[in-house]
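**Student:** If you scroll down you'll find the structure; I have some questions about it.
The values are calculated or read from the model by the stated rules, or taken from the named source; none is laboratory data. Quantities reported herein were computed from a predicted structural model and do not represent experimental measurements. Every residue, glycine as well, gets a Cβ built from its backbone with ideal geometry; the counts of neighbours run over all protein chains shown. Side chains included, ligands, DNA and RNA excluded: accessible areas come from the protein's heavy atoms. Shrake-Rupley method; radii C 1.70, N 1.55, O 1.52, S 1.80 Å.
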Amino acid sequence: QLIKALEDSEPVIRWTVAHALGHTRDPELVPLLLNALRKNKTYVARSIVDALLQLATERSIPVLTNSLNDVDPGVREASVEALGKLGHAASIPGLNNALQDEAVSVRRAAALALGRMRSKESLYPLLEGLNDDAWCVRWACAEALGNIGESGIVSQLARMMSDSHGYVRRAAAEALGK
């Protein structure tokens, strides 16, 4: 019954159901929620993403990794967030590829996820992200590089101190201070 209610015509019902499904801790629901995410926007989609973050387990890595190629950028972003939360090394190649996604939100989320994972394997993709057109991606890449803490990238981070956006400069300064 609860799963059928994800199709309810009332957004508040779908929001409540997604929230409840997240509390079940059943990773088998991940594909169902990813499908529901394609059909919902706004606060309902956020509730679905929150449920995905609660349900993601190592068993869901293949489903989430496959969803990095979904046509819906919201699904790709949610998958990136869930993979970043899991922090499993198997997701690093997919997250590195997500740094090249057409959607700014996906690239930003991928950079932040890789930073939380402190993946040295991601240094070069993150360094490339410092040249992104979107300031929030440059910011996220600088944050991630600071979390990784590799001393060999000081010159690249120092270059970001002259970025046009203040948040990028601040992230670069903080990264240099670590």
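**Student:** Taking all protein chains together and a probe of 1.4 Å, list Ser164, Ser79, Ser105 from the most accessible to the least accessible.
**Tutor:** Ser164, Ser105, Ser79
**Student:** For the chain, modelled as a Gaussian network with Cα springs under 10 Å, which listed residue fluctuates most, Pro27, Pro93, Pro73?
**Tutor:** Highest fluctuation among the options: Pro93.
**Student:** Counting only Cα atoms, I'd like the Rg/Rh figure for segment 1-59, Kirkwood definition for Rh. Walk me through the numbers before you get to the answer.
**Tutor:** Numbers: Rg = 10.1 Å, Rh = 10.9 Å.
Rg/Rh for segment 1-59 comes to 0.93.
**Student:** Separate question: Put Cys136, Cys141 in order of accessible area, largest first, 1.4 Å probe: what do you get?
**Tutor:** From most exposed to least exposed: Cys136, Cys141.
**Student:** Right, here's the next one. Students often check this: by mean Cβ neighbours within 10 Å, which of 51-59, 30-38 ranks highest, and how do the rest follow?
**Tutor:** Result, highest mean first: 30-38, 51-59.
**Student:** Determine the per residue accessible area of segment 65-161 with all protein chains present and a 1.4 angstrom probe, expressed in square angstrom.
**Tutor:** On the way: 4190 Å² over 97 residues.
Computed with neighbouring chains in place, this is 43 Å² per residue.
**Student:** Suppose we look only past 22 Å in the calculated P(r) of the chain. What percent of the Cα-Cα pairs does that tail hold? Intermediate values should be presented prior to the final figure.
**Tutor:** Numbers: 7231 of 15753 pairs.
Tail fraction, whole percent: 46.
**Student:** Calculated FRET efficiency, Ala89 and Glu174, Cβ-Cβ r, R0 41 Å, to nearest 0.05?
**Tutor:** So the FRET efficiency works out to roughly 0.95.
**Student:** Moving on. Give a residue-ordered list of calculated ³J(HN,Hα) values for segment 53-65 (Karplus: 6.51 cos²θ - 1.76 cosθ + 1.60, θ = phi - 60°; whole Hz; x for Gly, Pro).
**Tutor:** My calculation for segment 53-65 gives 5, 6, 8, 4, 9, 4, 5, 8, 4, x, 5, 5, 5 Hz in order.
**Student:** Got a number for carbon plus sulfur as a percent of the chain's accessible area, 1.4 Å probe?
**Tutor:** 54
**Student:** Go through 107-113, 16-22 and give me the packing order, highest mean Cβ count within 10 Å leading.
**Tutor:** Packing proxy ranking, top to bottom: 107-113, 16-22.
**Student:** Given only helices, namely DSSP H runs of n ≥ 4 each adding -39500 (n - 2.57), what is the per-residue ellipticity at 222 nm of the chain, to the nearest 500 deg cm²/dmol?
**Tutor:** The helix contribution divided over the chain gives -19000 deg cm²/dmol.
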